[in-house]
Amino acid sequence: MAFTTTVLSWGVLLYADAYNETNELENAREAIKWATDYFIKCHVSKFEYYGQVGEGRIDHVFWRSPPRNERRRAFKLTRSAPGSEVIAETAAAMAAASMVFSQVNASYSQELLSHARDLYEFADTYREMYHRSIRDAGNFYRSYAGYNDELTWAAAWLYSATNEN
Ligand SMILES: *[C@@H]1O[C@H](CO)[C@@H](O)[C@H](O)[C@H]1NC(C)=O
Ligand SMILES: *[C@@H]1O[C@H](CO)[C@@H](O)[C@H](O)[C@H]1NC(C)=O
């Protein structure tokens, strides 16, 4: 979800004129904001981020929308149970989206950037593969390659948004 949001934001930044000419700029911003509003809700404090809602086996067994399942356990990443892939990937999304909103909603843009900074610090300071903290994720979306690519991706987007080394 965070990767998709980053790529959608990247497209808007690169092809703003094309989105505008086809009258899709507003729709694109709305789609991005739907995701970033969700990420804001998941990021309940500086070092607490809900990285998964629902359980793989339960959600995959029934042919219906996961929110209709009775059990919707939420898994939170913390300092003692961190998860750098998910948190850094979300930091990248927040930084990219902050650039999308910089001209249209300065306060929202700043809010996103502030989450991006905190999430990056969280992911970088408390480094751990996320499926070790959210064990259920290991059955479906295990991190095989580790978190260095996500940390780098987040750092690049933060640099893009702030110009800070
Ligand atoms: C979108 O296009 C219109 C007219 O084609 C132009 O007036 C407007 O400034 C453009 N907006 C953006 C955000 O590029
Ligand atoms: C900016 O974003 C905030 C947060 O979503 C929203 O409450 C506010 O109405 C937005 N302002 C404008 C001008 O769109």
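Every read-out reported here was derived from the displayed coordinates using simple, explicitly stated rules and does not represent laboratory data. These numbers were taken from a predicted model, which means no experiment stands behind them. We place every Cβ from the backbone using ideal geometry, glycine too, and count neighbours over all the protein chains shown.
Quick look at the numbers
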| item | result |
| --- | --- |
| Pairs, first touching a residue at least 12 places away in the same chain (Cβ under 8 Å) in segment 14-25, second assigned to a helix (DSSP H, G or I) and of a type in the set (A, V, I, L, M), C-beta under 9 Å, six or more apart | L25/V12; L25/A16 |
| Residue within segment 23-40 that is away from ligand 1 (no atom under 16 Å from the Cβ), in contact with a strand residue (DSSP E or B) (Cβ under 7 Å, 6 or more places away or on another chain) and not aromatic (F, W, Y) present | no |
| Test for V61: is it among the β-branched types (V, I, T) and closer than 21 Å to D37 by Cα | no |
| Residue check, S84 small (G, A, S), away from ligand 2 (no atom under 16 Å from the Cβ) and surrounded by fewer than 12 Cβ atoms within 10 Å (Cβ to Cβ) | no |
| Count - residues of segment 81-139 that are part of a helix (DSSP H, G or I), aliphatic (A, V, I, L, M) and closer than 27 Å to G56 by Cα | 10 |
| Cβ pairs under 9 Å, 6+ apart, first in segment 31-50 and in contact (Cβ under 8 Å) with a residue 40 or more places away in the chain, second of a type in the set (D, E, K, R) and assigned to a loop (DSSP other than H, G, I, E, B) | F47/R79 |
| Helices (runs of 4 or more DSSP H) wholly inside segment 15-80 containing at least 1 residues that are within 17 Å of the chain's Cα centre (by Cα) | 25-42 |
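Here's the yes/no breakdown for (1) on the phi < 0 side of the Ramachandran plot; (2) away from ligand 1 (no atom under 16 Å from the Cβ); (3) touching a residue at least 24 places away in the same chain (Cβ under 8 Å):
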| position | (1), (2), (3) |
| --- | --- |
| A88 | yes, yes, yes |
| A95 | yes, yes, yes |
| Q103 | yes, no, no |
| A106 | yes, no, no |
| F122 | yes, yes, yes |
| R127 | yes, yes, yes |
| R135 | yes, yes, no |
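Residue-wise test of (1) under 27 Å from Y108 (Cβ atoms); (2) among the polar types (S, T, N, Q).
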position: C42; (1), (2): yes, no
position: Y49; (1), (2): yes, no
position: G56; (1), (2): no, no
position: R64; (1), (2): no, no
position: E70; (1), (2): no, no
position: S80; (1), (2): no, yes
position: G83; (1), (2): yes, no
position: A88; (1), (2): yes, no
